[in-house]
1. Examine region 21-31 for a residue that is open to solvent by less than 10 Å² (accessible area, probe 1.4 Å), outside any helix (DSSP H, G or I) and modelled with pLDDT under 75, and state whether such a residue exists.
2. Among the listed residues 70, 89, identify the single one that is over 18 Å from residue 100 (Cβ atoms) and either part of a loop (DSSP other than H, G, I, E, B) or acidic (Asp, Glu) (or both).
3. Which one of 91, 41, 101 is under 15 Å from the mean Cα position of the chain (by Cα), aromatic (Phe, Trp, Tyr) and closer than 13 Å to residue 26 by Cβ?
4. Please verify whether residue 38 is within 18 Å of residue 132 (Cα to Cα), surrounded by 13 or more Cβ atoms within 10 Å (Cβ to Cβ) and of a type in the set (Phe, Trp, Tyr), treating the condition exactly as stated.
5. Look at region 102-142 and say how many of its residues are assigned to a helix (DSSP H, G or I), open to solvent by less than 20 Å² (accessible area, probe 1.4 Å) and either farther than 15 Å from residue 55 by Cβ or at pLDDT below 95 (or both).
6. I'd like the full set of residues that are assigned to a loop (DSSP other than H, G, I, E, B), among the charged types (D, E, K, R) and under 26 Å from residue 108 (Cβ atoms), limited to region 35-62.
Amino acid sequence: MARTYYPHIYFEAARPRTRDSVTQAVSESDRRPGVTSFEEYKRVALAQLADYVDGWTVDHRGEVVPFTVRKWRGRTLVLIRLGKSKWPRKYQRIVDLINHYRRRISKTKTLQAREKLALEAAKKLGIKGKEARAILKKVRQRKFG
């Protein structure tokens, strides 16, 4: 069975027509719509990882749902296709890194330890700690605030 591909996720549309927690957490870095720079791509990948931390997510309809491994694979597929089309030589490192940290996060019990792992991943991605904490806060605020 083939995976369903949702191109509106992660700013691929001219204007994001979605209400999921990842697209709401990452702001535009320039005037052009969509993920236009590799730095913005890394922020989207970090937002996806931060969204996985507490086990819940907001889907594209705006509903809070459990963040399952199936949903992770679907959103990672969007990241892979977006990265392949725009940064074919650099995207794989980012995808491998967030997949590695997702496996480590799933083995960790406490929320604080999971958040610490997400901030460690942000450091490896080259995202400053203050910005990473802001993304983590926005992702959680969308679900519980």
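The values are calculated or read from the model by the stated rules, or taken from the named source; none is laboratory data. Values in this document were obtained by computation on a predicted structure and should not be read as measured data. Here the Cβ is made from the backbone with ideal geometry for all residues, glycine too, and neighbour counts use every protein chain on show. Accessible surface is based on the protein model in full, side chains and every heavy atom, while ligands, DNA and RNA are left aside. Shrake-Rupley method; radii C 1.70, N 1.55, O 1.52, S 1.80 Å.
1. So far as region 21-31 goes, yes, one or more of its residues are open to solvent by less than 10 Å² (accessible area, probe 1.4 Å), outside any helix (DSSP H, G or I) and modelled with pLDDT under 75.
2. After ruling out the rest, the residue left standing is 89.
3. Result: 41 is the single residue among 91, 41, 101 that is under 15 Å from the mean Cα position of the chain (by Cα), aromatic (Phe, Trp, Tyr) and closer than 13 Å to residue 26 by Cβ.
4. Yes, satisfied.
5. Residues that pass the stated criteria total 7.
6. Across region 35-62, the qualifying residues are 54, 59.
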